[in-house]
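The values are calculated or read from the model by the stated rules, or taken from the named source; none is laboratory data. In this text the structure is predicted, and so the values were computed from the model without any measurement. Positions of Cβ are backbone-derived with ideal geometry, glycine not excepted, and every protein chain shown enters the neighbour counts. The accessibility values were calculated without ligands, DNA or RNA, using every heavy atom of the protein model including side chains. Shrake-Rupley method; radii C 1.70, N 1.55, O 1.52, S 1.80 Å.
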Amino acid sequence: MAKHTDAAIKTLIRKMTLKEKCSLLSGGDFWHTQKIERLGIPAIMVSDGPHGLRKQSPLADAADVNESITAVCFPTACATACSFDKELYNKLGQTLGDECQANDVSTLLGPAVNIKRSPLCGRNFEYISEDPFVAGKLAAAYINGVQSKNVGTSIKHFALNNQEYRRLTNSSNCDERTMREIYLPAFETAVKESQPKTVMHSYNIINGTYAGESEWLLTQVLRKEWGFLGVVMSDWGAVSNRVAGVKAGGDLEMPSTDGRNDKIVEAAVKKGLLKESYVDQSVFRILRWVFDFTDNRKTGNFDIKAHHDIARQIEEESIVLLQNNGVLPLSKTGSKKELALIGLFAQKPRYQGGGSSHIKTATVVSAKEACETQGIPFTYAQGYSEDGKKVSAAQKEALIQEAVQVAKKAKVALVFAGLPDSFESEGYDRSHMDMPEEQNELIERICAVNKNTVVVLHNGSPVTMPWKDKAAAIVECYLGGEAVGEAVVNILTGKANPCAKLAETFPCKLEDNPSYPFFACDKDNTPYNEGIFVGYRWYDMRRMPVLFPFGHGLSYTTFEYTSCSVSKDTIGDRDSVTVTVTVKNTGKLDGKEIVQLYVADKTKSTVRPPKELKGFEKVFIKAGQSAQVTFKLDKRSFAWYCTDLHDWYAAEGQYEILTGSSSRDIKLTKTVTFKTKAVLPLPITPDTALGDLMKDPRTKKLILQTLKKGKSTLSTGSESSKEAITEEMQMQMDDTNPLRNLCTWYSVTDSDYKKLLKALQQAVR
């Protein structure tokens, strides 16, 4: 088949009528693009993802968009993010790409990289992290994996879709610095490092303009600044004003509107309200995407059994050992023969979230089934009902009593608990962070009769743990996909060594979260008043206790950070520095460590978090051996976004490079000095503070000369006057004193003041 070059596509567009061109701007149905048989333009299919193939079944009624083919459910992003493993994400992407090719799916709708602003967001299970660096790097690896199979991706939801409440009409009101530092970088990294075939714009409004109608977002930032080349498609039903969307850079509306909006766009062009060139450029991008898939079709591999094994391997790399007093692994304590499995989730695990990403699976393996398969003896008690609201208090008590009796007789009690399906899903947010009351009570009472109680959690986002200090161990599975039972049993028994760490902070209580006063607080507007202080950035700034910190996770072996070195002590705007960290496995088991690198700005040039993640690597180290991990840092690693410059700015001065095993477990520190020729704008007005002038090298000399010549009226006179305003106090007051007060407090004449003002203005030009 001949390939469709860009020139050929442009020729094809010239043959199209305006009506035909406009027809391509929306879907042909719920999952397909529009075709034009006259010109040989085919339709292609997209499918929900990103942790499995949710393709609508060809046997389903056309209106039943939720009836999908049988596929493999891989762990959701809340779990896989904890692997901190870019190679693993790439492998997941390649596997899903194969499945798409085998099912004639052109594009997988994912990954989802919206920041976990609050633990309450109903869709957090689909999102990667509270940290944009992690989200961006893992997303890029995933996209590169999928697209290596010539299948497109649709990174979503662009942008600031951080709650489900009123998501179609609510305005996310956020300042630009916060957007640039927290909510946009994951998309930016993915675009620059993996160039996804499509970007899906979100439902919500941003600062009063729908995301899909924001020319600043879709054209200025996404295309012009970041260099995005692909198609911008809408989330399903996210279009408000289609003409405004086309003008802003929104190419494809999904799903079909049965031609309604196509006619509106066509009429706008004919009336001169929309240039036809906007339509042409969208059609060009859509056709390039369509033909890129159809011209390069591959034979995909969809081996459900083999991919199930991959799902298990991924979950083993993603399960986080949060707490362990030595009871785990079970093989070490010899307790595999005296186990109690307690909790409905041991038999019927919650392994994925609800909504558009829900996968129809052929099989789901529970921990109970995995123990049976491996020949591990156990006793079982259900412990709680599937829906506690539908059973009586007496029935709840009977289930707990049965579980307590089983736990009493066991050496180790494994309690499988977490959040039911109804607690978190696309479409609505959680109202609290608690697990069901009967589950918390069950854990408390099991801990009271068995000191070796291990809590195994199945949840899509953080939960409170009132029983934390009573449990011998806590294992976080998150929503671990269809093989979660096999994976967690392998972790519990020591067949696999836990090697994951939290990609989000678990706060002690909901009220500790920085977005608590502002999250889903109004039906029309959501203020992002916490600014850049999201997740660990906030908790560290407040020095606030947390349940478990960002980056935390234990292993069955131990690691020692033995040395850290930097390739240079001083760097500039165009330089980079290589950081080398040596880590030794000091335990008796082979294992993997996730080495984290944070940067702390010590220049005090602006308000910044105490530290920010700028590097992570997962490394396998055999028992007794060491490994070196290297990181490369450039200007962006030290910079913050300056809205005055409309660019990233790293101030001159010292920065600490912190390496360790979590955000709260820093092992080694090095200091580097940053030198820059960039200067911040300094408006010179009568209200400009003397302190700002004294700190700026362009104006420092002028203002110091003036202060030296002048005579302060506050620190002169009698001895008591001098005691009232000491020289040190004078310096502190001068820091915030406006220029206009030179005439009052320093006896500067009007003439000299005007000359100074002019000289200062010339100095900063």
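Key figures for this structure:
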| quantity | calculated |
| --- | --- |
| Using alpha carbons only: equivalent-ellipsoid semi-axes of region 290-335, gyration tensor based, whole Å | 43, 13, 5 |
| Euclidean distance between Cα centres, region 130-193 to region 1-59, Å | 25 |
| For ILE69, solvent-accessible area (1.4 Å; no DNA, RNA or ligand), Å² | 30 |
| Sequence of TYR183, TYR380 when ordered by accessible area, the most exposed leading, probe 1.4 angstrom | TYR380, TYR183 |
| Simple Cβ-charge dipole of the chain, Lys/Arg +1 and Asp/Glu -1, about Cα centre, in debye nearest 20 | 1780 |
| Surface accessible to a 1.4 Å probe, per residue, for the residues of the chain, Å² | 40 |
| Normalised per residue, the volume of the convex hull around the Cα set of region 545-701 (Å³) | 126 |
| Dipole of the chain [Lys/Arg +1, Asp/Glu -1 at C-beta], most positive-end residue of ILE359, SER154, ILE205 | SER154 |
| Cα-Cα pairs of region 572-661 separated by more than 18 Å (percent) | 51 |
| Under 25 Å from LYS337, Cα to Cα: lysines that are on another chain or at least 8 residues apart | LYS348, LYS368, LYS408, LYS409, LYS411, LYS451, LYS470, LYS495, LYS588 |
| Convex hull projection area averaged over all views, region 501-582, Cα basis, nm² | 9.2 |
| Net charge dipole size for region 327-461 [Lys, Arg +1 and Asp, Glu -1 on Cβ; Debye, nearest 20] | 660 |
| Fraction in percent of alpha-carbon pairs per bin - 10 Å, region 1-56 | 20, 43, 26, 11, 0 |
| Whole-Å semi-axes of the ellipsoid equivalent to region 175-322 (Cα gyration tensor, √5λ, descending) | 33, 22, 15 |
| Antiparallel %, DSSP beta bridges [both residues in the chain], to 5 | 60 |
| Along each principal axis, Cα extent of region 326-370, largest first, Å | 43, 19, 17 |
| Exposure ranking of MET694, MET179 by accessible area [1.4 Å probe, largest first] | MET694, MET179 |
| √(5λ) per eigenvalue of the Cα gyration tensor, region 401-542, largest first, Å | 31, 17, 15 |
| Peptides 129-135, 517-523, 286-292, 572-578 ordered by average Cβ neighbours within 10 Å, highest first | 129-135, 286-292, 517-523, 572-578 |
| Largest to smallest accessible area among SER431, SER171 [probe 1.4 Å] | SER431, SER171 |
| C-alpha center-to-center spacing [region 409-444, region 196-248] in angstrom | 38 |
| Region 424-581, relative contact order in percent, only Cα pairs under 8 angstrom and at least six apart counted | 18 |
| Top positive-direction residue, dipole computed over region 320-465 with Cβ charges, set ILE342, PRO436, LEU328 | LEU328 |
| Computed helical MRE - 222 nm, the chain, DSSP H runs ≥ 4 contributing -39500 (n - 2.57), nearest 500 | -8500 deg cm²/dmol |
| Alpha carbon convex hull of region 258-385, volume per residue in cubic angstrom | 241 |
| Estimated D of region 83-167 in µm² per second, where Rh is the Kirkwood radius over Cα pairs and Stokes-Einstein applies at 10 °C, 1.306 mPa s | 120 |
| Inverse mean reciprocal Cα-Cα distance (Kirkwood Rh) of region 186-245, Å | 11.8 |
| Relative packing of 501-509, 71-79, which averages over residues the other C-beta atoms within 10 Å, highest first | 71-79, 501-509 |
| With DNA, RNA and ligands ignored, accessible area of LYS348 (1.4 Å probe; Å², nearest 10) | 110 |
| P(r) histogram, all alpha-carbon pairs of region 150-239 included - 5 Å bins from 0, percent | 3, 15, 27, 27, 18, 8, 1, 0 |
| Percent accessible area from carbon and sulfur atoms, region 416-494, protein chains only, probe 1.4 Å | 45 |
| Peptides ranked, highest mean first, by Cβ atoms within 10 Å: ranges 34-47, 225-238 | 225-238, 34-47 |
| Nearest-10 value in Å² for the accessible area of LYS602, using the 1.4 Å probe | 110 |
